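All remarks here apply to the structure that follows.
None of the figures in this text is laboratory data; all of them are computed from the coordinates on show. Not measured: the values here are computed from a predicted model. For neighbour counting, all protein chains shown are included, and Cβ atoms are generated from backbone atoms with ideal geometry for every residue, glycine included.
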Amino acid sequence: MSVPEDKWVAMPPLLVPSSFSVTKKNRLAGRRTATPGCIPTAYLISASGNLQSGNTMKKFLIVVLLALLAVPVSVSALVTYSGNQVNILDPVPDDVFASGGMIEVNAPVRSVTAAGGSITINAPVSGDVIAAGGTVTINGDVGGKVVAVGGTIDLAGNVTTNALLQGGTVTIRKSATIGKDAMISGGTVRNAGTVVGNLTVRSQSAENTGSAGTYEVKPDRGMGASALWVFSVLAVLLCLGWYIVGLLLIRVMPARFLQVESEVHTSAILKFVVGFAAIIIAVIAFVLLAITIILLPLALVLGGLAFIGLLLANLFVASGLGRVISGYLKWNGKEWQLYTVGFLVLMVLFLIPVINILAFVISTSLGFGAILYAVRNNWAAVTGSGSP
């Protein structure tokens, strides 16, 4: 018995196990997901996309654009697939959302939003294609627009409207025709197809053997060697100054420094949560106070204190990290030595891609939470209302 679309009830996404092929027999008839309104963007950015060129801000903006474009005003129905291998073999008259290691679309669908290590579309898509992956290959014709981010992008099918592509290597095959405009950004861009409208390329290496209404190349020079050298020197000096501030605190006020550091060791998860929430609340409070104008001085004072706390937060975590390392090594070093070891380890973590963001958020939040707890536990000494 069929159920009218207006009577569908929202259900959890249909998760496809590893090495699962979607066929008419095993598609679990009737288990579509009717989801009115917004679509979780986690499905869009859940898999690894090996973006190999362009600066980080460009990649971030493109991914945000992908997320925004993936949220239609009204969605009548959608079908979701997830797994290590997703292979769509039967036609799907709905919007398809897929995430996985390897995704293949071998049957006509209404639209595709996919994120994965390898994405291949071999069948016609009547609507839009939005993809983020290590490798994105589009061999089928697309009735709408194509927005893709990937390490390697290969477009061989026709696109009715526009194409927005960002990748390490972007190739438009001779068989491809883009009905309107194309904007491409990549380390290496090759166009052998036809772009009816404007073809705009930003790349260090661009090759156009096809045709376009208008063709424009904007060289992506990136950061010059001199600018990179200046930036590196400034970063080193900043880290050195940061390190010296910690040494001064240990020298001038060792007891206070150790009080805050001790808070890092106790209930670390709680301190992280409190610190993270406090940072968000501080930003909101600063904005609310600042827009009143009359309370702007108070906002500046409180904002300045919060800023100082954020700058010092990682120093206490560094000292605590050094103490943990010394415990494992069974080494009894001096306070400044423990701080130095922890600081070096923390700086190395801050240099590792992806991990650096996670490490910075955890370290800053944990240190800020430890400062708040230390102030609370020593409030009398801080305000001068009692003996420390």
Subject >> Sparsely packed trypsin sites (Lys or Arg not before Pro) within segment 184-274, loop by DSSP, other Cβ within 10 Å at most 16 >> reply: Arg221
Subject >> Other-chain or far-sequence residues with amide H under 5 Å of Ile178's (modelled H) >> reply: Val159, Thr194, Val195, Val196
Original post:
Fewest to most neighbouring Cβ within 10 Å: what's the order for Ser232, Ser363, Ser319, Ser205?
Top reply: Ser232, Ser205, Ser363, Ser319
Original post:
Which of the trypsin sites (Lys or Arg not before Pro) found in segment 288-362 are loop residues per DSSP with 16 or fewer other Cβ atoms within 10 Å of their Cβ?
Top reply: Lys330, Lys334
Original post:
Can you give the Kirkwood hydrodynamic radius for segment 89-228, in Å, rounded to one decimal and based on Cα pairs?
Top reply: 14.9
Original post:
So how strong a dipole does segment 225-383 carry about its Cα centre when Lys and Arg Cβ are +1 and Asp and Glu Cβ are -1, to the nearest 20 debye?
Top reply: 240
Original post:
For segment 251-388, what class follows from the C-alpha gyration tensor (a ≥ b ≥ c being the square roots of its eigenvalues): rounded when a/c is under 1.5, otherwise prolate if a/b is larger than b/c, else oblate?
Top reply: oblate
**OP:** Would you mind giving the three semi-axes, in whole Å and largest first, of the ellipsoid equivalent to segment 157-286 according to its Cα gyration tensor?
**Re:** 54, 21, 12
Subject >> Highest average packing first - 177-183, 310-316, Cβ atoms within 10 Å >> reply: 310-316, 177-183
